[in-house]
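Student: This is the structure I have questions about; it appears just below.
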Amino acid sequence: MRQHGRVAGHQRSRQAELGRAPGARTLPEAGARTLPEAGARTLPEAGARTLPEAGARTVLFLAADTGGGHRRAAEAVTEALMARYPGQFRPVLCDPLAGPAAARPLRWLARRYGPVVRSAPWAWGAAYYLTSSRPVMAVLWRTVFALADRPVARAVAASRPAVVVSCHPLTGRAAARAAQRIPVVTLVTDLVSVHPSWRYQGSSQVAVPTAQAGTRVAAARGAVACTVTGLPTAVGGPPGPLQAGERARLRRGLGVAEGDFLVLLTGGAEGCGRLGRRARAIVRDRDDVHVVVICGRNERLRRRLSALRSGRGRLTVLGFVTNVADWLRCADVVVTKAGPGIIAEAACCATPMLLTSHLPGQERGNAEWVTRAGAGRSARGIRSMLRALGELAADPGALALLRAGSRALARPAAAAQVADLIAAQTAAQPAPQPAPQPAPQVADASWTGRCQLTSAVPR
């Protein structure tokens, strides 16, 4: 096979950054000690005691790498803030669940997320539904989840934010408790089904991706204002499919022949959804397609698929990539689980979707939402997936209809809308004053593990 098991090594990364469009700047990994690229805008870890830029308001983002969508949404909103309000805001990141300041029980739980959703999604579903009641959540908020209060409170005290933005269901309550008079914006990243942990008192503004999610959040006590914004993504460029010439150039740059029927397989940041079985089935069944598999953090899967040799089909295996949007724009169809992030990104790229699975709980309802909009099809089993791929490859008209439906779901202005909501929360506030600083400047290594506050400088 002509290096059909080709691995794009330069696109693999062991950093906990998430697939996004080229040019988007990333949230630095907690504990990382790498210097940012020249001119890059980064979200620093909370806890470093440095002087903010004169007149710039600090925005504290709370997120965690349980999956990819939370950090990716924070990155997208940061990009929008910097583009729409240059020099006016300084974003800071705190990961109170898995970061250096997180309590050991929370770090242990956060690190179990990836292995569980890859190997035993039923266990994740059981935990989701077990905690989907207010009495159970009330107990958890007073016990294990209360461990997030301290790192969030320390981040608020250290960064003195004008606004706190909670991008994770388990950080919002801690934000409301620590912020006191500081506005809290909740950014819900579940598309349709919303867990009770998203619903808590003390949030000034709630941004939701869909009307269905908004209905569930607004019905809860304490949701002051709920705005349907769409799910923020870092997909760059205009929404919709590329022109034929642009698509051909992009394909050449990625090493894909212009005339190939390109099938993109992805299972979110954790590389779940039985990607290996599906990739092997497509390679065995069809020799007229180019298969690209993005394995995310699933290094074991990447190694296994990289070793695959076959005289039929073409296969490209990737780990973590930073150009998911490029692959989506080049793909004829994306085969994926019904994760909110990949659905939102595929819609912005007008990519037809074949949804093969979903995580029990928060992804329930996503596939139906996509299929009702005519943006994709549900294909749960291997045979169903192969049959759908054969039909779409042979019917350009059907593919065009799905592409149009996908484009209709797109909310490319979602990040900008959330950025405007954040800015509106600071409209009545005076410009922040720098906190007293020790000399010399020393970070508490036991709290942050790293100290890197980088001013956001427009390129």
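Student: Which residue, of Thr229, Thr215, Thr189, Thr233, is without any contact (Cβ under 8 Å) to a residue 12 or more places away in the chain and under 28 Å from Ala373 (Cβ atoms)?
Tutor: Thr215
Student: Among the strands (runs of 3 or more DSSP E) lying completely within segment 165-254, list those that include at least 2 residues that are modelled with pLDDT of 90 or more, touching a helix residue (DSSP H, G or I) at 6+ places or on another chain (Cβ under 8 Å) and within 25 Å of Tyr129 (Cα to Cα).
Tutor: Per the criteria, 184-187, 205-208.
Student: Scan segment 171-193 for residues that are surrounded by fewer than 24 Cβ atoms within 10 Å (Cβ to Cβ) and either under 17 Å from the mean Cα position of the chain (by Cα) or polar (S, T, N, Q) (or both) and jot them down.
Tutor: Gln180, Val192, Ser193
Student: Separate question: Answer yes or no: is there a residue in segment 327-337 that is surrounded by 24 or more Cβ atoms within 10 Å (Cβ to Cβ) and over 22 Å from the mean Cα position of the chain (by Cα).
Tutor: No.
Student: Going through segment 346-376 one residue at a time, which ones are outside any loop (DSSP other than H, G, I, E, B), of a type in the set (A, V, I, L, M, F, W, C) and either closer than 21 Å to Val116 by Cα or assigned by TED's automatic domain parsing to the domain that holds Trp122 (or both)?
Tutor: Hit for segment 346-376 is Leu355, nothing else.
Student: Among the listed residues Arg302, Arg309, which satisfies the condition of being modelled with pLDDT of 85 or more, out of contact with any helix residue (DSSP H, G or I) (no Cβ under 7 Å at 6 or more places or on another chain) and either more than 29 Å from Asp395 (Cα to Cα) or assigned to a helix (DSSP H, G or I) (or both)?
Tutor: Arg302
The values are calculated or read from the model by the stated rules, or taken from the named source; none is laboratory data. These numbers were taken from a predicted model, which means no experiment stands behind them. All Cβ positions, glycine included, derive from the backbone under ideal geometry; neighbour counts span all protein chains shown.
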